[in-house]
Amino acid sequence: MADLKMNLAGIKSPNPFWLASAPPTNSGYQVQRAFEAGWGGAVWKTLGDPILNVSSRFAAVHFNSQRVAGFNNIELITDRPLEENLKEIYETKKLYPDHAIVVSIMVEPKQEKWHEIVKRVEDIGVDGLELNFGCPHGMAERGMGSASGQVPELLEKQTYWVKEVAQTPVIVKLTPNITDIKAIAEAAAQGGADAISLINTINSLIGVDLDTWNTIPHVGGKGAHGGYCGPAVKPIALNMVAECARDERVGIPISGIGGISNWKDATEFMLMGATGVQVCTAVMHHGFSIVEDMIDGLSNYLDRKGITSVTDIIGKSVPNYSDWGNLDLNYKVVARINKDVCINCNKCYIACEDTSHQCIEMLESSGGDKYLEVREEDCVGCNLCSIVCPEEGAISMVELENEHKSMTWNERQAVIGTLGK
């Protein structure tokens, strides 16, 4: 069995699966039950001041038959007293010394405030700190959370203040509500962060009730933007993790967050540069026990690959992720339809005819059987037909032998630039 132990900037845990700072990590009772279920670590729900919240707090997007394809919250940091949280963190760490307990913290952007909270939390014995610069609502209106996290200079300065007194590794949690995630990741590194975690939630409004015209959710008839997470945000999060991982100016470990629901999602984040992952929405939907399948799935995957340690897959796909200008313009794939598998639903034909390149023909055999066939010379390899096809194996995207030498946009422009010289 492969070794699943993880070490994120000096914070060790028995496996790479942590609970993210959120409702599932709001108390010692919850975190202890999570550790019993198999979670390797937990980031305690954000401690700070003042303790205020509203009701109601959550909403979700259900897409076709999938419940909770996306999840929205307007909940703020913990609504439990600091002393109560510190007591339970201490007790939990004593009971589970081999599990990682990281505490999320957020205070006003003042040096003395950061120094005070860091010392109080570290005094009880924790494995690390996570600075919450990502929360997009409520706290941001008071200059905290993403209000600080969206300004690289503020994020760097506050990270530096924490590092002035911190004795444990410091993780900076990044907001995705910014044009370039690398700018704030680099600021975190400049401030002395030992690691970054991303992404926090995305500004969002789930919907509007068509009967009452209230927003969803609403608080006594008033709504406000919340933070969006869950499976729908995974592609956004995965890209941001990859962008940070391939940026040499960031250069610190990454804890991946965003729509991770199973071991495959987690493995993708690790291949794209995350040392470990944090999970929230999937746990809120299905409970702590999902970690059992995550551990089994990752372990079996590594065994099938002949990989002895999970650390050996970290960042292995990063070299394959680049800028558009480095893609081979002469590489070509085309769609091929397997007539023996095709169920003649015509979804691919309609998609290609109405919204793509009109290269699927509807034909009839000598026996009168109708079938679909791709005109490969006109197919651009967009993948749309295979995406909309409901029958596994009916459409394959096939790589063609390259008739021309590989040439990227950047190489093309370089050649053009030499002409006439």
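The values are calculated or read from the model by the stated rules, or taken from the named source; none is laboratory data. Everything quoted here is computed from the prediction, not taken from an experiment. Methodologically, a virtual Cβ is constructed for each residue, glycine included, from the backbone with ideal geometry; neighbour enumeration extends over all protein chains shown. For the accessible areas, the whole protein counts, side chains as well, though only heavy atoms, and no ligand, DNA or RNA atoms are used. Shrake-Rupley method; radii C 1.70, N 1.55, O 1.52, S 1.80 Å.
What pairs in K347/K370; K45/K234; K5/K87; K45/K110; K45/K93; K234/K264 have C-alpha atoms more than 18 Å from each other?
Going by Cα-Cα distance, K45/K234; K5/K87; K45/K110 fall outside the 18 Å limit.
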Under a point spin-label approximation (7 Å from Cα along Cα-to-Cβ), what is the T212-K405 distance to one decimal in nm?
6.8 nm
Pairwise label distance in nanometres, E116 with S65, each label 7 Å out on the Cα-Cβ vector:
5.5 nm
Of every Cα-Cα pair in the range 196-324, the percentage lying beyond 20 Å is 53 percent
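To the nearest 20 Debye, how big is the dipole of the range 328-392 about its Cα centre, given +1 on the beta carbon of each Lys and Arg and -1 on that of each Asp and Glu?
Magnitude of the dipole: close to 80 debye.
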Cβ-defined net charge surrounding D312, 11 Å radius [Lys, Arg +1; Asp, Glu -1]
+1
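Taking 0.36 nm per residue of sequence separation and subtracting the Cα-Cα distance, how much length would be gained by fully extending the chain between M397 and N346, in nm to one decimal?
Details: separation 51, 0.36 × 51 = 18.36 nm, distance 1.73 nm.
Here the answer is 16.6 nm.
With a probe of 1.4 Å, find how much accessible area the chain has per residue, and write the answer as a whole number in Å².
49 Å²
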Can you figure out the FRET efficiency of E36 with K339, using R₀ = 45 Å and their beta-carbon distance, to the nearest 0.05?
0.25
Quick check on the range 234-390: what does the Kirkwood estimate of hydrodynamic radius come out to from the alpha carbon pairs, in Å?
19.0 Å
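With the Cα gyration tensor of the range 97-187 in hand, convert its eigenvalues to equivalent ellipsoid semi-axes via √(5λ) and list them largest first in whole Å. Please report the intermediate quantities before stating the final value.
Values: eigenvalues 95, 39, 29 Å².
Working through the eigenvalues yields semi-axes of 22, 14, 12 Å.
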Using the charge dipole of the chain (Lys, Arg: +1 at Cβ; Asp, Glu: -1 at Cβ; taken about the Cα centre), state which of L19, L238, V374 has its Cα farthest towards the positive end.
L19
Please report, in Å, the Rg and the Dmax of the range 351-421, where both are computed over Cα atoms only.
18.1, 63
Fraction of antiparallel bridges per DSSP, the chain only, in percent to nearest 5
50 percent
Expressed in angstrom and rounded, the centroid-to-centroid distance over alpha carbons for the range 168-192 and the range 231-247 is 14 Å
Counting only protein heavy atoms with a 1.4 Å probe and every protein chain in place, the carbon and sulfur fraction of the accessible surface of the range 327-377 in whole percent equals 45 percent
Charge tally for neighbours of E130 with beta carbon under 14 Å away, counting Lys, Arg as +1 and Asp, Glu as -1, is 0
Place a point 7 Å from Cα of V415 in the direction of its Cβ. Which residues in the range 293-327 have their backbone N less than 12 Å from it?
none
Given a Förster distance of 35 angstrom, what is the FRET efficiency for K94 paired with L205, based on the Cβ-Cβ distance and rounded to 0.05?
0.25
Size of the dipole of the chain about the Cα centre, Lys and Arg at +1 and Asp and Glu at -1 on the beta carbon, nothing else charged, in debye to 20?
840 debye
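What is the sum of charges around E108, taking Lys and Arg as +1, Asp and Glu as -1, for the other residues whose C-beta is under 10 Å from the C-beta of E108?
Every neighbour counted, the sum reads +1.
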Subtract the Cα-Cα distance of D293 and V318 from 0.36 nm times their separation in residues, and report this length gain in nm to one decimal.
6.4 nm
Binned Cα-Cα distances of the range 293-344, short to long, each 5 Å bin given as a whole percent
4, 13, 13, 12, 9, 10, 22, 15, 3, 0
Added length on full extension, which subtracts the Cα-Cα distance from 0.36 nm per residue, T308 to N239:
22.1 nm
Would you mind calculating the relative contact order of the range 31-106 from Cα pairs under 8 angstrom and at least 6 residues apart, reporting the percent as a whole number?
45 percent
Over the chain, what is the mean sequence separation of C-alpha contacts under 8 Å (at least six apart), divided by residue count, expressed as relative contact order in percent?
14 percent
Per residue and in Å³, how big is the convex hull formed by the alpha-carbon atoms of the chain?
199 Å³
Where does the range 246-319 land on Rg/Rh, using Cα atoms and the Kirkwood Rh?
0.99
